[in-house]
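Taking it in order: structure first as structure tokens, then the write-up.
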Amino acid sequence: MSVPDTAIIPCGGLGTRMRPISRWLPKELLPVSLVPLIHWTLAEAADAGLARAIVVVNPSKPILGEVALGFERPGFRVELASQERPAGLGDAMLRARGPIGDRPFAVILPDNLFRGPNQTAAILQTWAGLELATVLIAEISAAEAGAKGATGRALVRESEDGMLRVTAVADKGRGRFDTGGGERAATPIGRFVLPADAWRELDDIGRGLPPGAELDDVPLLQRLAGRGALAGVRCTAEFFDVGVPEGYRAAVAAFPAASAAGQG
């Protein structure tokens, strides 16, 4: 069995949803409990047992790469890859293709911060049991939706043994998360593990895009879900979408300074 040892951390966006908070500082460097968000993300990857993180950065944010490389944890290393312009999460993943090669890998979005059990460790554990593409699934209530970004809803089926299968993933909306009129809705959030053949899938999706279009992760998840090849892991931690102002403010209020101990 091939075990993932690397996480891709996409940081190539310009943080437009976080303005004016991110006007002078990349959103990944905004502090929670005096610790920059990128260090929270790297600590989660290291604590999950991964050996390496490849942080995909935009050249317009050189300070972000410097701060990421300053993260230190024994047995864990940080590397950088460049995404010259914001071209979608799928494109960001492809920027790390060379160093990873023919191996499965994790993807960890710094927009998501958790209080509770390590959610990257949870998806890696499911991968180890199934060797199937795996995504973290959150149940978002209508009351919470205003503090979450516009991810797409997901249809999830639970088997008799308690395993989750994602059977459909909707396109992303705009603004904030939409529960579709229900009290709650499921959505994939920024923690997943993908097999090595995801590179081929992304190449194929990219060939079908019009010139200049972004290569996002959603079409890949939709393909996997459509053929029954996407497992889900129910989120068991409190989830903050720190990629939108409302979620970031909630995280700052929720994490006292003392909670930053050990985060790098």
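Can you find even one residue in region 181-191 that is surrounded by 13 or more Cβ atoms within 10 Å (Cβ to Cβ) and part of a helix (DSSP H, G or I)?
no
Is it the case that some residue within region 82-89 is among the polar types (S, T, N, Q) and not in a loop (DSSP other than H, G, I, E, B)? Talk me through it step by step, then tell me what you get.
Initial filter on region 82-89 (among the polar types (S, T, N, Q)): 82-83.
Narrowing the set further to residues that are not in a loop (DSSP other than H, G, I, E, B) leaves 82.
So far as region 82-89 goes, yes, one or more of its residues are among the polar types (S, T, N, Q) and not in a loop (DSSP other than H, G, I, E, B).
Out of curiosity, is E158 of a type outside the set (A, V, I, L, M) and at pLDDT 95 or above?
Values: of a type outside the set (A, V, I, L, M): yes; at pLDDT 95 or above: no.
No: the conditions fail for E158.
Here is a yes/no grid of residues against (1) closer than 21 Å to E139 by Cα; (2) touching a Leu at 6+ places or on another chain (Cβ under 7 Å); (3) basic (K, R):
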{"position": "E183", "(1), (2), (3)": "yes, no, no"}
{"position": "R191", "(1), (2), (3)": "yes, yes, yes"}
{"position": "A198", "(1), (2), (3)": "no, yes, no"}
{"position": "Q222", "(1), (2), (3)": "yes, no, no"}
{"position": "R234", "(1), (2), (3)": "yes, yes, yes"}
{"position": "V244", "(1), (2), (3)": "yes, no, no"}
{"position": "A251", "(1), (2), (3)": "yes, yes, no"}
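I need every pair where a residue in region 163-180 that is without any contact (Cβ under 8 Å) to a residue 24 or more places away in the chain has its Cβ under 9 Å from the Cβ of a residue that is in a loop (DSSP other than H, G, I, E, B) and aliphatic (A, V, I, L, M), sequence separation at least 6 or different chains.
From residues that are without any contact (Cβ under 8 Å) to a residue 24 or more places away in the chain, the pairs are G173/A150.
Pull out all pairs, ordered by first then second residue, where Cβ-Cβ is under 6 Å, the residues are six or more apart or on different chains, the first lies in region 12-32 and is more than 16 Å from F240 (Cα to Cα), and the second is assigned to a loop (DSSP other than H, G, I, E, B) and at pLDDT 65 or above.
Every condition considered, the pairs that remain are G12/N58; G12/Q83; G12/P86; G13/P86; L14/P86; P26/K61.
Which numbered condition trips up A138, out of (1) in contact with a Cys (Cβ under 7 Å, 6 or more places away or on another chain); (2) at pLDDT 95 or above?
Of everything listed in (1) in contact with a Cys (Cβ under 7 Å, 6 or more places away or on another chain); (2) at pLDDT 95 or above, A138 misses just condition (2).
Output the residues belonging to region 156-171 that are under 19 Å from I140 (Cβ atoms) and surrounded by 15 or more Cβ atoms within 10 Å (Cβ to Cβ).
From region 156-171, those under 19 Å from I140 (Cβ atoms) are 156-158, 164, 166-171; that's our starting set.
Residues satisfying the conditions are V156, L164, V166, A168, V169, A170.
Looking at A253, A213, A196, can you tell me which residue is loosely packed, with under 14 Cβ neighbours inside 10 Å, part of a loop (DSSP other than H, G, I, E, B) and of a type outside the set (K, R)? Show your work before the answer.
Details: A253 fails: part of a loop (DSSP other than H, G, I, E, B); A196 fails: loosely packed, with under 14 Cβ neighbours inside 10 Å.
None of the others qualify; the one that does is A213.
Of the residues that make up region 116-131, is at least one of a type in the set (A, V, I, L, M), touching a residue at least 60 places away in the same chain (Cβ under 8 Å), farther than 16 Å from A229 by Cα and out of contact with any strand residue (DSSP E or B) (no Cβ under 7 Å at 6 or more places or on another chain)? Walk me through how you get there before you give the answer.
Just the residues of region 116-131 that are of a type in the set (A, V, I, L, M), to begin with: 121-124, 128, 130.
If we keep only those that are touching a residue at least 60 places away in the same chain (Cβ under 8 Å) too, we end up with 121-124, 128, 130.
With farther than 16 Å from A229 by Cα added as a condition, the list becomes 121-122.
Filter again for out of contact with any strand residue (DSSP E or B) (no Cβ under 7 Å at 6 or more places or on another chain), leaving 121.
The answer is yes; a qualifying residue exists.
Which residues, taken from region 43-72, are within 20 Å of Q125 (Cβ to Cβ) and either polar (S, T, N, Q) or not in a loop (DSSP other than H, G, I, E, B) (or both)? Don't jump to the end; show me each part of the working.
The first filter runs over region 43-72 and keeps only residues within 20 Å of Q125 (Cβ to Cβ), leaving 43-53.
Within region 43-72, A43, E44, A45, A46, D47, R52, A53 meet the criteria.
The values are calculated or read from the model by the stated rules, or taken from the named source; none is laboratory data. Just so we're clear, the structure is a prediction, and the values are computed from it rather than from any experiment. All Cβ positions, glycine included, derive from the backbone under ideal geometry; neighbour counts span all protein chains shown.
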